[in-house]
Amino acid sequence: MLEDIKDGAAAATRLAGGAPLQSTLDVADPGDWLALDAGVREAAWNRPQFLPGREHSTPLPADLTQLGESRLALALCHRNGRIRQEAVRQSVRYPGLLPLVLIRCADWADPVREHARQLLHEALNVDSALNLAPLILRVGRRDRGTFGVEVLGQILRQASHRQLAALFADPDRIVRRFAYRLAIEGRLLRPAELAHAAARDQDTVVQDLCATAALTALGDEDAYEDVLPPLLSARNPRTRSAGVTALRRAGRSKQAELFLSDRSALVRACARYVVRQLGDDPVAWYRERCTAPGDPELPPGAVIGLAECGNRADAGLLRPLLLHPAAGIRARAVAGLRTLDSVDAKQLWPLLDDPAAGVVRETATALLPSAKELPADWLWERTSSERPRHVRVGAFRLLNARGGVVALRAAVGLFEDPDIKLRTWAGQSVQRWHPSPDERHGDAEVGELLDRSRHLFSDYVLRRRKWEASVDS
């Protein structure tokens, strides 16, 4: 597979030597065709010969009808517009060159572009359009590239559901979006099929497109039986939220309570909207579930859900959950206190030793505004290589937020950390470091720490940092 212009130039050299097109590049990969197009001009730049890359390359013959498929492919990509124009005319002899003709449809030269567009319009049918769709859509992002996309749409509107299905599974999300839009426009997919597509696809645009189309196409309550289950059970939250919102329209608002504790904030918000429209109070629902701190069945989403729609008085229900045996509950309790602006630094900082990385991450985030109030020595101990990685990361986040010599000392101390990402982060922290205006200058420790970081700076920048800190160079 060709990945860049350099590989495209190498492929052009092989074609110039007579290598068959099929064995030189992956003809099914649009990236290979685009790389070849750019690579030919790169290889041929400032060369008088037509064929790139070899000293014995022959000049372009006056009659392009003498060229075989490989060399005609190079002519289609040539930097000389007249050569490209003539090559487009000759390309009708080799249907395998249609991808390069397609690329020429966005050519900067008007005569080349017009000849290529005429040929593409005559040569394209449903089968070839399906094969070329990924390349057409990629070329369509260029200036003058919309022609191919318009022709593709015209032709594929004649395609059947079965024919378009190949594009629904294409790895390129742009292709999938295009195919689903055509299918929805042509009403080729039933609401249940659209719902399954929304639940299955990983692209958020396809999810929204198909979920909206599935719900819009429904005409009666019975049809919801086939559409709501895949939407409500989807892994992606955008699709689940569409299903939850549709519960009200389907007359099933009571089912929205099941999603008040969903793991997604978007789904929880939609569920609260539906529950309120029913006349119920989601806050009361959350409070009822959070009143039993040791309940093993308490879902984490109920904890953070209470913080999302409750008030600061609800912090009293969340604090006991900091000791819950489930790590997910402890993490959401910390996040909930931060949401309610009810963080007590002394109560939370012991959680920096929590065995669960998620709890430590949430705790560090909650304590960032109070970083200067935390004991620096206590945090410094937790950057030791003997501590778990997530503990070292949480402690360093807080030490780094303090700034000044404390942050510099912590970062330099992590230069020998066993984790490469943490070492890299520490180095970047040192490179961004500047002395704090509220700290005394001339601290000899700062000079020593900067000297230990010499490998991260140029001589000039190192002298500048020392000058800012008023330490001797």
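The values are calculated or read from the model by the stated rules, or taken from the named source; none is laboratory data. Please read these numbers as outputs of a predicted model, since none were measured by experiment. Every residue, glycine as well, gets a Cβ built from its backbone with ideal geometry; the counts of neighbours run over all protein chains shown.
Quick look at the numbers
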item	result
Gly140, sole failed condition from (1) small (Gly, Ala, Ser); (2) assigned by TED's automatic domain parsing to the domain that holds Pro30; (3) at pLDDT 90 or above	(2)
Failed condition for Ala166, given (1) touching a residue at least 40 places away in the same chain (Cβ under 8 Å); (2) within 30 Å of Arg113 (Cβ to Cβ)	(1)
Check on Arg312, under 29 Å from Ala284 (Cα atoms), touching an Asp or Glu at 6+ places or on another chain (Cβ under 8 Å) and not aliphatic (A, V, I, L, M)	yes
Criterion: touching a Lys or Arg at 6+ places or on another chain (Cβ under 8 Å) and more than 25 Å from Arg187 (Cα to Cα) - qualifying residue of Leu260, Leu232, Leu209	Leu260
Residues of the range 169-179 satisfying the condition of being in contact with a Phe, Trp or Tyr (Cβ under 7 Å, 6 or more places away or on another chain) and touching a residue at least 40 places away in the same chain (Cβ under 8 Å)	Ala179
Arg387, sole failed condition from (1) in the same structural domain as Ala410 (by TED's automatic domain parsing); (2) over 35 Å from the mean Cα position of the chain (by Cα)	(2)
Selection count, the range 428-446, where residues are surrounded by fewer than 17 Cβ atoms within 10 Å (Cβ to Cβ) and in a helix (DSSP H, G or I)	5
The range 456-472 residues that are of a type in the set (Val, Ile, Thr), paired with ones that are in a helix (DSSP H, G or I) (beta carbon under 7 Å, 6 or more apart)	Val471/Ala444; Val471/Val446; Val471/Gly447
Failed item, numbered, when Cys270 is tested on (1) over 28 Å from Leu318 (Cα atoms); (2) in contact (Cβ under 8 Å) with a residue 24 or more places away in the chain; (3) out of contact with any Pro (no Cβ under 7 Å at 6 or more places or on another chain)	(1)
Residue within the range 238-248 that is surrounded by fewer than 19 Cβ atoms within 10 Å (Cβ to Cβ) and hydrophobic (A, V, I, L, M, F, W, C) present	no
Candidate set from the range 114-142 (those that are closer than 11 Å to Leu102 by Cα and outside any helix (DSSP H, G or I)); member that is nearest to the chain's Cα centre (by Cα)	Gly140
Pick from the range 16-38, criterion closer than 20 Å to Gly81 by Cα and of a type in the set (A, V, I, L, M, F, W, C), ranking: modelled with the lowest pLDDT	Ala16
Any chance Gly186 is out of contact with any strand residue (DSSP E or B) (no Cβ under 8 Å at 6 or more places or on another chain), in contact (Cβ under 8 Å) with a residue 24 or more places away in the chain and within 23 Å of Asp170 (Cβ to Cβ)	yes
Unmet criterion (only one of (1) among the hydrophobic types (A, V, I, L, M, F, W, C); (2) crowded, with 22+ Cβ neighbours inside 10 Å; (3) over 30 Å from Ala407 (Cα atoms)) for Ala364	(3)
Enumeration of residues in the range 383-404 that are out of contact with any Ser or Thr (no Cβ under 6 Å at 6 or more places or on another chain) and closer than 17 Å to Ala345 by Cα	Val391, Gly394, Arg397, Leu398, Leu399, Ala401, Arg402
Those helices (runs of 4 or more DSSP H) lying entirely in the range 171-266 with at least 1 residues more than 26 Å from Leu306 (Cα to Cα), over 25 Å from the mean Cα position of the chain (by Cα) and among the hydroxyl-bearing types (Ser, Thr, Tyr)	204-216, 224-232
Selected residue [at pLDDT 95 or above, β-branched (Val, Ile, Thr) and either touching a Phe, Trp or Tyr at 6+ places or on another chain (Cβ under 6 Å) or farther than 30 Å from Arg138 by Cβ (or both)] from Val244, Val227, Val205	Val244
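Here's the yes/no breakdown for (1) at positive phi; (2) among the charged types (D, E, K, R); (3) touching a residue at least 12 places away in the same chain (Cβ under 8 Å):
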| site | (1), (2), (3) |
| --- | --- |
| Pro369 | no, no, yes |
| Pro375 | no, no, no |
| Ser384 | no, no, no |
| Lys421 | no, yes, no |
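Residue-wise test of (1) surrounded by 17 or more Cβ atoms within 10 Å (Cβ to Cβ); (2) small (Gly, Ala, Ser); (3) assigned by TED's automatic domain parsing to the domain that holds Asp29; (4) touching a residue at least 12 places away in the same chain (Cβ under 8 Å).
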| site | (1), (2), (3), (4) |
| --- | --- |
| Val112 | yes, no, yes, yes |
| Arg117 | yes, no, yes, yes |
| Asn131 | no, no, no, yes |
| Thr146 | no, no, no, no |
| Ile155 | yes, no, no, yes |
